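The values are calculated or read from the model by the stated rules, or taken from the named source; none is laboratory data. All of these numbers come straight from a predicted model, not from anything done at the bench. Here the Cβ is made from the backbone with ideal geometry for all residues, glycine too, and neighbour counts use every protein chain on show.
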Amino acid sequence: MNVMIDARMVNEHLHGIGRYTYEIINNVSKEKDVHLKLLVNDLEMSKKIFNGINNIEFIKMKSKFLSLTEQIELPLIVNKYKKDALFHSPSFVSSPFIKCKMIMTIHDLNHLRFPQYYSKFHKYYYKYIVKTSALKCEKILTVSNFSKSEIVEWLKCDKNKVVVTYNGVDDKFKVIDDKDELDRVKQKYNLPDKFVLYIGNLKPHKNVETLVKAMKDVDNDARLIINGKPNESLTKIMNELDLSNRIQFIGYVEDDDLPIMYNLAKIFVFPSLYEGFGLPPLEAMKCGCPVIVPDSTAFPEVVGDAAIKIKNISVVKLTESINEALKNKKDYFQIIKKGIIQTQKFNWKYECEKIHKLYAHCSTND
């Protein structure tokens, strides 16, 4: 069974779609009946990342991920194998001119919920490239039942065409008791003893502005730690509310340091208004860190009853939830215990076994 996978978004920093793609390749390649052909841009980097993984070969592409030229090059390459290969796009990138059997993963429909944040190119791409390609697919994968319902409605397709396979949580995320390691990361990023943590990007729908504003009336002993650098909007809010001494941006967090940072945090807050899955809350939960999320989109499905969920999230409600979590030790430890148990439901090996079976089904289905 030959399966082509677009792996151009996989780089040294395995986050988001890159992590999702890597885990599929790593796990499915262990099946003896599969040979994987990976589409990559940087051949040398890809050989290092996938070193030690068997049953794979690399096909170099010149076109970058989500570029105009890929609409010419992608079908030219993929269609060479139309008689004996299945093509899997683990993101929304594809082409209506691909002629071989195809599977696409659509993680969410953010572009429909927040069209104001997308360019004309992106709107065109989703309408004429993604939608057309998705309708031609044998199957569509997605990462939650929430996203499945949105995709079925968007495409007006049979619900059986869309298959849910959850994201997994990497084993490196765990409770860490090594004091030396905890101290190392604390000193490296100059972290305070008591802090609220946010890890993620600063796109408008992530709603980080609400979290920053909430810190105005949060326990004075606690600070907010955010990865990356502040944008113009957040800088303005911090200056207006005199929060510069309460909020600390720590730049890029190394992959190996992230589990330790979750362990050090008192609370992890992920106030995003829209998520097709939402992996960072699960990573934090697996590290024994209590989590606060909105009670909307895919969050109830993913975190279950193992996190603090806020209906109609606002500055006032978020402030109250953070303060309550910081002072209520009884509920705090109960949430930690529930969180660790909840994360056991999300396993890459199990989910990739489902994907392997889907590959086999679609390869033989005429």
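Looking only at the stretch 337-366, count every residue that is closer than 19 Å to M285 by Cα and out of contact with any helix residue (DSSP H, G or I) (no Cβ under 8 Å at 6 or more places or on another chain) and tell me the total. Summing the residues that are closer than 19 Å to M285 by Cα and out of contact with any helix residue (DSSP H, G or I) (no Cβ under 8 Å at 6 or more places or on another chain) in the stretch 337-366 gives 6. Annotation: of all residues in the stretch 336-366 being farther than 14 Å from Y20 by Cα and of a type in the set (S, T, Y), the one that is modelled with the lowest pLDDT is T364.
Would you call L38 touching a helix residue (DSSP H, G or I) at 6+ places or on another chain (Cβ under 8 Å), of a type in the set (A, V, I, L, M) and outside any loop (DSSP other than H, G, I, E, B)?
Values: touching a helix residue (DSSP H, G or I) at 6+ places or on another chain (Cβ under 8 Å): yes; of a type in the set (A, V, I, L, M): yes; outside any loop (DSSP other than H, G, I, E, B): yes.
For L38, the condition - touching a helix residue (DSSP H, G or I) at 6+ places or on another chain (Cβ under 8 Å), of a type in the set (A, V, I, L, M) and outside any loop (DSSP other than H, G, I, E, B) - is met.
Taking (1) among the hydrophobic types (A, V, I, L, M, F, W, C); (2) modelled with pLDDT of 85 or more; (3) loosely packed, with under 15 Cβ neighbours inside 10 Å; (4) in a loop (DSSP other than H, G, I, E, B) in turn, I72 satisfies each apart from (4). Selection of the stretch 265-282 for residues being buried (at least 22 other Cβ atoms within 10 Å of the Cβ) and among the charged types (D, E, K, R) yields only E275. Within the stretch 131-189, the set of residues being hydrophobic (A, V, I, L, M, F, W, C) and in a helix (DSSP H, G or I) comprises A134, L135, F146, I151, V152, W154, L155, L182, V185. Within the stretch 16-35, the set of residues being in a loop (DSSP other than H, G, I, E, B) and either among the β-branched types (V, I, T) or surrounded by fewer than 17 Cβ atoms within 10 Å (Cβ to Cβ) (or both) comprises K30, K32, D33, V34.
Please tell me if I322 is assigned to a helix (DSSP H, G or I), in contact with a Gly (Cβ under 9 Å, 6 or more places away or on another chain), surrounded by 15 or more Cβ atoms within 10 Å (Cβ to Cβ) and outside the structural domain of N27 (by TED's automatic domain parsing). So I322 does not fit the description; no.
Determine which member of the set I308, I335 is crowded, with 16+ Cβ neighbours inside 10 Å and touching a residue at least 40 places away in the same chain (Cβ under 8 Å). I'd like the intermediate steps shown before the answer.
Working: I308 fails: touching a residue at least 40 places away in the same chain (Cβ under 8 Å).
Sole residue among the options that is crowded, with 16+ Cβ neighbours inside 10 Å and touching a residue at least 40 places away in the same chain (Cβ under 8 Å): I335.
Residues that are hydrophobic (A, V, I, L, M, F, W, C) and within 16 Å of G16 (Cβ to Cβ) within the stretch 155-180 comprise V169, F173, listed in sequence order. In this entry, E351 is excluded by the filter for residues that are within 24 Å of M215 (Cα to Cα), in contact (Cβ under 8 Å) with a residue 12 or more places away in the chain, among the acidic types (D, E) and surrounded by 16 or more Cβ atoms within 10 Å (Cβ to Cβ). Within the stretch 208-249, the set of residues being in contact with a Gly (Cβ under 8 Å, 6 or more places away or on another chain), in contact (Cβ under 8 Å) with a residue 24 or more places away in the chain and either assigned to a loop (DSSP other than H, G, I, E, B) or of a type in the set (S, T, N, Q) (or both) comprises just one member, N227.
Could we say that L202 is at pLDDT below 95, among the hydrophobic types (A, V, I, L, M, F, W, C) and on the phi < 0 side of the Ramachandran plot here? Yes, satisfied.
The residue list Y262, Y198, Y252 contains one member that is touching a strand residue (DSSP E or B) at 6+ places or on another chain (Cβ under 8 Å), closer than 29 Å to S147 by Cβ and surrounded by fewer than 17 Cβ atoms within 10 Å (Cβ to Cβ), which is Y252.
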